[in-house]
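S.K.: Before anything else, here's the structure in question.
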Amino acid sequence: MTQNSQKESQFGGANGGLTNFLLALPRLSAIGVFVFIVLITVIGAIAIDRNETAKHEALMRDVSNALVADLERRVSNHLAFLGAGAALFSVVDEVDEAVFSSFVSSLPRAQDPVGSQGVGWARVVGQETSSAMKVPVTFLEPPGEGNQRSLGFDLYSEPARREAITIAAETGKPSTSGKLQLVNRPKDKGSGFLILVPVYNLPADQVTRLDKRARSLKGFVFTPFNAPQALDEALESTAYKDLSVRLYYGDARPENLLAFHEGDQEAGNSILERVLVANKKMTISVASAPRPVISILALETLLLGLAVATLLASLIHFVTERAILNEASREQMEQQNSIRSSLTRELNHRAKNTLANVLSIISLTRRRSTDLDQFADALDGRVRALSATHDLLTRSEWSTTPLRDILETELSSLIEAREGAVRLSGPDTLLAPNDALSLGLAVHELATNAARFGALSVPEGQLSVSWHLDGDGIAIVEWRELGGPPVPQERTEGFGTNLIEKIVAHEFKSPVDLQFLPEGVVCVLHVPVRERVDFAIRQKPSISRL
């Protein structure tokens, strides 16, 4: 084997292996790959969406924690200021304007809690009985129109403030009021709460008993908080103003809402954080905009996965179909080569048979001829008969040929010349090619004899050719001449007789019954009616869709 041949063999082997692999793939492999990639993509998209949700919730948690820490830090700072004021006011005989102003001026303004409306002093009046007790606002700094309106307001007259005053007086600790309407603010912007620290006439270590606290209660240092303002200013320190935030006193219920901040979009998912303000529980709710069913990144991942799955499945389908088509083309080429070889062998065989028939006709005709003209005429007629049958077979593509067509072709000149003298009768019967040739030669010899010496040589003569099928796949053809000259009983055998009784009988594999009766020639032929598969060289290939 040459080097090029080795390369071609190796290359063909590699391609053959790939082709065999592709042919081994099932037709559903492309669908399987598509489903697998889509499944992986969906799982990835779900994971991405969950991660996006977790990140979003973490962001909301960070914002809420920042707000809680900011509120706790600022309230703690202010509680320290109030505690310092309570310690100062407990040691002076009278908290007058000078003492109060001196205290307020000492406070670091830069550290004032966000939302605080200032620092105030409320002196207790008539504490002998709870019904006669009053806690009017005595001082409130910084001065301003709103704070001036609060002076003289009795804190004990309102339930939320009264509850905080009672708790602070009994515990001796700072107390926070519930949700209330600030006196110094409009109703739509005045929701808030108070932080109060009790002040006693006695030192702190001497007011441990409840009755002593009640008798020695001097007043309260307090600060009012504007909740909406506190929330808005606290959010100024964050970069997430598009979030919706709500501040509740106690649990997150609509009636407990102190303040709210609406984001740029409608509120969606929310988280809650608890915060303690002077031992009172408050709740901060942080809500983001409603999230889509699936995040943008997850949706993009899903679409990309679908595109990749479709592309890959299409590629696998295309390559597999190409491999199947190539294999079908190869098989078709092999089939065509096989058919071509069979046709070549068959053509060679038939050419040899035809030449053998012609040589036999020439040899037998020469033996029976007395001169050249007789030889030429006889030979011409027999070759023409052979040619006419060949034409029929060519038109039928060497397939089956109707028996009636063979008779009409060989008897056409007699039928035209003697209208009504020739009768053909029988069912539709198809003959194989070789049987058609043999029958054509036999009919030619019988017709030639009938036209020269038999029934068709006189005007009143008649020829009847009939056939029928028996149960063994045989067409029985009967040739019968009537009304012609008497047939001589003593006669020599001619070429036609030998051809019919020997050559034709050999081809049909059955004897020919040829009788020269006085009233006319009678010939009975047994022609086999064969199945197509017994003689077909090829079938027209049927093309099926792959």
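Quick note: the coordinates plus some simple rules give every number you see, no bench work behind them. This one's a predicted model, so the numbers in the text were calculated from it and none came from an experiment. Neighbour counts are summed over all protein chains in view; Cβ atoms, including those assigned to glycine, are modelled from backbone coordinates with ideal geometry.
S.K.: Exceeding 20 Å between C-alpha atoms, which entries from my cross-link table qualify? They are Lys134/Lys280; Lys173/Lys218; Lys179/Lys280; Lys55/Lys281; Lys179/Lys218; Lys218/Lys280.
M.R.: On the way: Lys134/Lys280 24 Å; Lys173/Lys218 14 Å; Lys179/Lys280 11 Å; Lys55/Lys281 28 Å; Lys179/Lys218 25 Å; Lys218/Lys280 24 Å.
With Cα atoms farther than 20 Å apart: Lys134/Lys280; Lys55/Lys281; Lys179/Lys218; Lys218/Lys280.
S.K.: Identify, among Val63, Gly83, Ile37, the residue whose Cα sits farthest towards the positive end of the charge dipole of the range 34-93, taking +1 on the Cβ of Lys and Arg and -1 on the Cβ of Asp and Glu, with the dipole about the Cα centre.
M.R.: Ile37
S.K.: Just grab the label-to-label distance for Val383 and Arg274, each label 7 Å out from Cα along the Cβ direction, in nm (one decimal).
M.R.: Going by the 7 Å Cα→Cβ label model, 12.4 nm.
S.K.: Please sort 31-41, 153-163 by packing, taking for each peptide the average over its residues of neighbouring beta carbons within 10 angstrom, highest first.
M.R.: Values: 31-41: 15.5, 153-163: 17.0.
Ranked by mean Cβ neighbours within 10 Å, highest first: 153-163, 31-41.
S.K.: Within 10 Å of each residue's Cβ, count the other Cβ atoms and sort Met333, Met282, Met133 from fewest upward.
M.R.: Numbers: Met333 10, Met282 25, Met133 19.
By the 10 Å Cβ count, ascending, the order reads Met333, Met133, Met282.
S.K.: Between Val35 and Glu334, what is the spin-label point distance in nm, taking each point 7 Å from the Cα along the Cα→C-beta axis?
M.R.: Simple spin-label model gives 3.3 nm for this pair.
S.K.: Between Lys55 and Ile324, what FRET efficiency comes out of the Förster formula 1/(1 + (r/R0)^6) with R0 = 45 Å and r the beta carbon distance, rounded to 0.05?
M.R.: Details: r = 49 Å, r/R0 = 1.09.
After rounding, the FRET efficiency stands at 0.40.
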